[in-house]
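Working notes for the structure below.
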Amino acid sequence: MISNPVLLALLIAAAGGVGSVIRVYLTRWEGPIPFGVILTNTIAAGFVGYIYSGNLTQDYLLIASVGFAGGLSTFSGIAKAGFDFWHTGRLAQIFISLAANIVVPLLALMLVMYWF
């Protein structure tokens, strides 16, 4: 257990920074829909499912889930893709991307929690 709240906040921030840097590289994978955004959200959801299936203390859960997984996952990437699709008239891709960014990460979370 980490008794110093400042240290806990710094560890969460550091883990979030690591997750954010990984997200920057993974979200470069684009195509008809933003595959990189779907990938990062899926990895983050699966990671959260994995760590919550274990027996980590509350502090380490915060560092891993709020910090790392929070930095890795992105809602702004989904919003940006939707904005771009809207302004280029690709309305079907908005709904496909949105559905994929909701369904695929949730399935990853549930499957990982089921297996572990």
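The values are calculated or read from the model by the stated rules, or taken from the named source; none is laboratory data. Since this is a predicted model, take the numbers as computed values, not measurements. Note that we place each Cβ from the backbone using ideal geometry, even for glycine, and neighbour counts take in every protein chain shown.
Across segment 61-87, the number of residues qualifying as closer than 30 Å to SER3 by Cα and in contact (Cβ under 8 Å) with a residue 12 or more places away in the chain comes to 13.
Considering segment 66-91, the residues that are hydroxyl-bearing (Ser, Thr, Tyr) and either part of a loop (DSSP other than H, G, I, E, B) or modelled with pLDDT of 95 or more (or both) include one that is nearest to the chain's Cα centre (by Cα), namely SER73. Against the list (1) free of Cβ contacts under 8 Å to residues at least 60 places away in the same chain; (2) assigned to a helix (DSSP H, G or I), the condition ILE38 fails is (1).
Okay, residues lined up against (1) hydrophobic (A, V, I, L, M, F, W, C); (2) touching an Asp or Glu at 6+ places or on another chain (Cβ under 7 Å); (3) loosely packed, with under 14 Cβ neighbours inside 10 Å:
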| residue | (1), (2), (3) |
| --- | --- |
| ILE12 | yes, no, no |
| VAL21 | yes, no, yes |
| ILE33 | yes, no, no |
| ASN41 | no, no, no |
| GLY54 | no, no, yes |
| ASP59 | no, no, no |
| VAL66 | yes, no, no |
| ALA69 | yes, no, no |
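On the given criteria, is THR27 at pLDDT below 95, hydroxyl-bearing (Ser, Thr, Tyr) and touching a Gly at 6+ places or on another chain (Cβ under 9 Å)? Yes, satisfied.
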